[in-house]
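*Asks:* Right, I'll just put the structure down here and ask away after.
The values are calculated or read from the model by the stated rules, or taken from the named source; none is laboratory data. If you're wondering where the values come from, they're calculated on a predicted model, not measured in any experiment. Note: ideal-geometry Cβ built from the backbone for every residue, glycine included; neighbour counts use all protein chains shown.
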Amino acid sequence: MEAHEVFEILVREHEGRLRGFITALVRDPGAIEDLVQESFLVAWRNLARYDRNLPFGPWVRGIARRLCMAHYRRIGEDRLDFIEGETVDHICEMFNDFEALPGDTLDDQLASLRACMQHLPAHQQRVLQLHYEDNLGCGEIAENLGRSREAVKKLLQRSRAWLGQCIEQRMAALNPDG
(Lines give C-alpha, C1' and ligand atoms only; values in the text may rest on other atoms or scores of the structure.)
Protein backbone atom coordinates (compact mmCIF):
# COMPACT_ATOMS: atom_id res chain seq x y z
CA MET A 1 0.00 0.00 0.00
CA GLU A 2 1.37 3.40 -0.98
CA ALA A 3 1.86 6.31 1.44
CA HIS A 4 -1.05 8.35 0.08
CA GLU A 5 -3.40 5.36 0.48
CA VAL A 6 -2.30 4.79 4.07
CA PHE A 7 -2.63 8.50 4.79
CA GLU A 8 -6.15 8.55 3.33
CA ILE A 9 -7.15 5.73 5.70
CA LEU A 10 -5.60 7.58 8.65
CA VAL A 11 -7.46 10.77 7.74
CA ARG A 12 -10.78 8.91 7.52
CA GLU A 13 -10.13 7.19 10.84
CA HIS A 14 -9.04 10.31 12.73
CA GLU A 15 -10.91 13.18 11.08
CA GLY A 16 -13.91 13.10 13.45
CA ARG A 17 -11.82 13.00 16.60
CA LEU A 18 -9.49 15.70 15.31
CA ARG A 19 -12.49 17.90 14.51
CA GLY A 20 -13.82 17.28 18.03
CA PHE A 21 -10.46 18.15 19.53
CA ILE A 22 -10.17 21.40 17.58
CA THR A 23 -13.80 22.27 18.34
CA ALA A 24 -12.97 21.97 22.04
CA LEU A 25 -10.25 24.60 21.54
CA VAL A 26 -11.69 27.01 18.95
CA ARG A 27 -15.13 28.63 18.75
CA ASP A 28 -15.20 29.93 15.18
CA PRO A 29 -16.71 27.24 12.85
CA GLY A 30 -14.82 28.57 9.83
CA ALA A 31 -11.54 28.50 11.70
CA ILE A 32 -12.29 24.94 12.88
CA GLU A 33 -12.66 23.73 9.28
CA ASP A 34 -9.47 25.53 8.26
CA LEU A 35 -7.54 24.12 11.21
CA VAL A 36 -8.70 20.54 10.55
CA GLN A 37 -7.59 20.78 6.93
CA GLU A 38 -4.35 22.54 7.80
CA SER A 39 -3.55 19.91 10.46
CA PHE A 40 -3.83 17.10 7.94
CA LEU A 41 -1.89 19.09 5.36
CA VAL A 42 0.97 19.64 7.82
CA ALA A 43 0.80 15.94 8.78
CA TRP A 44 1.01 14.94 5.10
CA ARG A 45 4.00 17.22 4.53
CA ASN A 46 5.75 15.76 7.59
CA LEU A 47 4.68 12.14 7.14
CA ALA A 48 8.30 11.04 6.72
CA ARG A 49 8.95 12.21 10.31
CA TYR A 50 6.04 10.25 11.76
CA ASP A 51 7.14 7.22 13.80
CA ARG A 52 4.79 4.42 12.68
CA ASN A 53 5.39 2.63 15.99
CA LEU A 54 3.43 5.39 17.75
CA PRO A 55 -0.30 6.11 17.45
CA PHE A 56 -1.25 8.58 14.72
CA GLY A 57 -4.01 10.35 16.72
CA PRO A 58 -1.82 12.00 19.36
CA TRP A 59 0.70 13.01 16.69
CA VAL A 60 -1.86 14.77 14.49
CA ARG A 61 -3.50 16.33 17.57
CA GLY A 62 -0.09 17.72 18.56
CA ILE A 63 0.08 19.37 15.15
CA ALA A 64 -3.46 20.69 15.60
CA ARG A 65 -2.67 22.00 19.07
CA ARG A 66 0.25 24.06 17.75
CA LEU A 67 -1.90 25.36 14.90
CA CYS A 68 -4.69 26.33 17.33
CA MET A 69 -2.24 28.21 19.53
CA ALA A 70 -0.86 29.98 16.45
CA HIS A 71 -4.47 30.81 15.46
CA TYR A 72 -5.08 32.49 18.82
CA ARG A 73 -1.81 34.44 18.58
CA ARG A 74 -2.67 35.51 15.03
CA ILE A 75 -6.14 36.82 15.88
CA GLY A 76 -4.92 38.46 19.11
CA GLU A 77 -7.60 36.74 21.20
CA ASP A 78 -8.31 38.44 24.52
CA ARG A 79 -6.49 36.61 27.33
CA LEU A 80 -9.80 36.01 29.17
CA ASP A 81 -11.16 34.04 26.22
CA PHE A 82 -7.96 32.19 25.42
CA ILE A 83 -7.79 28.56 26.56
CA GLU A 84 -5.06 28.07 29.13
CA GLY A 85 -2.32 25.51 28.56
CA GLU A 86 -3.52 23.34 31.47
CA THR A 87 -6.96 23.07 29.89
CA VAL A 88 -5.46 22.13 26.55
CA ASP A 89 -3.27 19.51 28.27
CA HIS A 90 -6.34 18.09 30.00
CA ILE A 91 -8.26 17.93 26.71
CA CYS A 92 -5.27 16.15 25.11
CA GLU A 93 -5.21 13.61 27.94
CA MET A 94 -8.95 12.99 27.60
CA PHE A 95 -8.61 12.34 23.85
CA ASN A 96 -5.62 10.04 24.42
CA ASP A 97 -7.58 8.07 27.04
CA PHE A 98 -10.56 7.84 24.71
CA GLU A 99 -8.40 6.68 21.83
CA ALA A 100 -6.80 3.98 24.01
CA LEU A 101 -10.17 2.27 24.52
CA PRO A 102 -10.76 -0.79 22.35
CA GLY A 103 -13.07 -0.09 19.49
CA ASP A 104 -13.46 0.91 15.91
CA THR A 105 -9.86 1.77 15.04
CA LEU A 106 -7.93 0.65 11.99
CA ASP A 107 -5.71 -1.62 14.12
CA ASP A 108 -8.78 -3.25 15.70
CA GLN A 109 -10.39 -3.73 12.29
CA LEU A 110 -7.22 -5.23 10.83
CA ALA A 111 -6.83 -7.60 13.78
CA SER A 112 -10.47 -8.66 13.35
CA LEU A 113 -9.99 -9.13 9.61
CA ARG A 114 -6.93 -11.31 10.16
CA ALA A 115 -8.73 -13.43 12.76
CA CYS A 116 -11.80 -13.81 10.55
CA MET A 117 -9.69 -14.69 7.49
CA GLN A 118 -8.25 -17.66 9.39
CA HIS A 119 -11.75 -19.10 9.73
CA LEU A 120 -12.46 -19.02 5.98
CA PRO A 121 -11.88 -22.20 3.96
CA ALA A 122 -8.58 -22.22 2.03
CA HIS A 123 -10.26 -21.83 -1.39
CA GLN A 124 -12.05 -18.65 -0.23
CA GLN A 125 -8.84 -17.26 1.26
CA ARG A 126 -7.10 -17.95 -2.06
CA VAL A 127 -9.75 -16.13 -4.11
CA LEU A 128 -9.58 -13.10 -1.77
CA GLN A 129 -5.78 -13.11 -1.96
CA LEU A 130 -5.80 -13.21 -5.75
CA HIS A 131 -8.34 -10.39 -5.91
CA TYR A 132 -7.05 -8.02 -3.20
CA GLU A 133 -3.34 -8.78 -2.91
CA ASP A 134 -2.56 -9.73 -6.50
CA ASN A 135 -5.11 -7.27 -7.98
CA LEU A 136 -6.61 -9.83 -10.34
CA GLY A 137 -10.08 -9.44 -11.80
CA CYS A 138 -12.75 -12.13 -11.70
CA GLY A 139 -11.90 -13.33 -15.22
CA GLU A 140 -8.20 -13.72 -14.39
CA ILE A 141 -8.98 -15.52 -11.13
CA ALA A 142 -11.39 -17.86 -12.91
CA GLU A 143 -8.72 -18.66 -15.48
CA ASN A 144 -6.10 -19.16 -12.75
CA LEU A 145 -8.32 -21.52 -10.72
CA GLY A 146 -10.13 -23.27 -13.56
CA ARG A 147 -13.55 -21.98 -12.47
CA SER A 148 -16.19 -19.94 -14.21
CA ARG A 149 -16.17 -16.15 -13.90
CA GLU A 150 -19.64 -16.26 -12.30
CA ALA A 151 -18.48 -18.82 -9.73
CA VAL A 152 -15.58 -16.56 -8.76
CA LYS A 153 -17.87 -13.51 -8.51
CA LYS A 154 -20.27 -15.44 -6.27
CA LEU A 155 -17.41 -16.77 -4.13
CA LEU A 156 -16.00 -13.26 -3.67
CA GLN A 157 -19.46 -11.94 -2.79
CA ARG A 158 -20.09 -14.65 -0.19
CA SER A 159 -16.60 -14.34 1.29
CA ARG A 160 -16.89 -10.56 1.66
CA ALA A 161 -20.36 -10.85 3.21
CA TRP A 162 -19.17 -13.45 5.71
CA LEU A 163 -16.04 -11.43 6.56
CA GLY A 164 -18.15 -8.30 7.05
CA GLN A 165 -20.42 -10.08 9.51
CA CYS A 166 -17.50 -11.67 11.33
CA ILE A 167 -15.66 -8.34 11.67
CA GLU A 168 -18.84 -6.60 12.82
CA GLN A 169 -19.36 -9.23 15.55
CA ARG A 170 -15.74 -9.04 16.69
CA MET A 171 -15.84 -5.22 16.81
CA ALA A 172 -19.09 -5.29 18.80
CA ALA A 173 -17.45 -7.68 21.28
CA LEU A 174 -14.51 -5.24 21.68
CA ASN A 175 -16.85 -2.37 22.54
CA PRO A 176 -19.95 -3.76 24.30
CA ASP A 177 -21.13 -0.24 25.23
CA GLY A 178 -20.99 0.94 21.57
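*Asks:* What number goes with the only condition from (1) under 30 Å from F21 (Cα atoms); (2) modelled with pLDDT under 85 that N135 does not pass?
*Replies:* Failing condition for N135: (1).
*Asks:* Moving on. If I filter segment 127-141 down to residues being touching a helix residue (DSSP H, G or I) at 6+ places or on another chain (Cβ under 7 Å) and in a helix (DSSP H, G or I), which single residue comes out as surrounded by the fewest Cβ atoms within 10 Å (Cβ to Cβ)? Can you show your working first?
*Replies:* Start the filter on segment 127-141 by keeping residues that are touching a helix residue (DSSP H, G or I) at 6+ places or on another chain (Cβ under 7 Å), which leaves 127-128, 130-131, 136, 138-139, 141.
From what's left, in a helix (DSSP H, G or I): 127-128, 130-131, 138-139, 141.
Numbers: V127: 26, L128: 18, L130: 20, H131: 19, C138: 20, G139: 12, I141: 23.
In this case the residue turns out to be G139.
*Asks:* Among the residues of segment 19-55, how many are over 12 Å from C68 (Cα atoms), in a helix (DSSP H, G or I) and among the aromatic types (F, W, Y)?
*Replies:* Selection size over segment 19-55: 2.
*Asks:* Restricting to segment 28-50, what's the tally of residues that are more than 26 Å from Y132 (Cα to Cα) and either in contact (Cβ under 8 Å) with a residue 40 or more places away in the chain or not assigned by TED's automatic domain parsing to the domain that holds R65 (or both)?
*Replies:* Selection size over segment 28-50: 1.
*Asks:* Looking at segment 154-178, I want the residues that are at negative phi and of a type in the set (S, T, N, Q) and have a partner that is modelled with pLDDT under 85 and outside any helix (DSSP H, G or I) with Cβ atoms under 8 Å, at least 6 apart or on another chain. Which pairs are those?
*Replies:* If the second residue must be modelled with pLDDT under 85 and outside any helix (DSSP H, G or I), the pairs left are N175/L101; N175/P102; N175/G103; N175/D104.
*Asks:* I'm trying to understand the selection: among the residues of segment 6-16, which are surrounded by fewer than 16 Cβ atoms within 10 Å (Cβ to Cβ) and among the charged types (D, E, K, R)? Walk me through how you get there before you give the answer.
*Replies:* Filtering segment 6-16 down to residues surrounded by fewer than 16 Cβ atoms within 10 Å (Cβ to Cβ) leaves 6, 8-9, 12, 15-16.
Across segment 6-16, the qualifying residues are E8, R12, E15.
*Asks:* For segment 142-163, which residues satisfy the criterion of being exposed (fewer than 12 other Cβ atoms within 10 Å of the Cβ) and closer than 18 Å to Q109 by Cα?
*Replies:* A161
*Asks:* Now for a separate question. Specify the residue that is modelled with the highest pLDDT; the eligible residues are those in segment 148-178 that are over 22 Å from H119 (Cβ atoms) and in a loop (DSSP other than H, G, I, E, B).
*Replies:* Result: S148.
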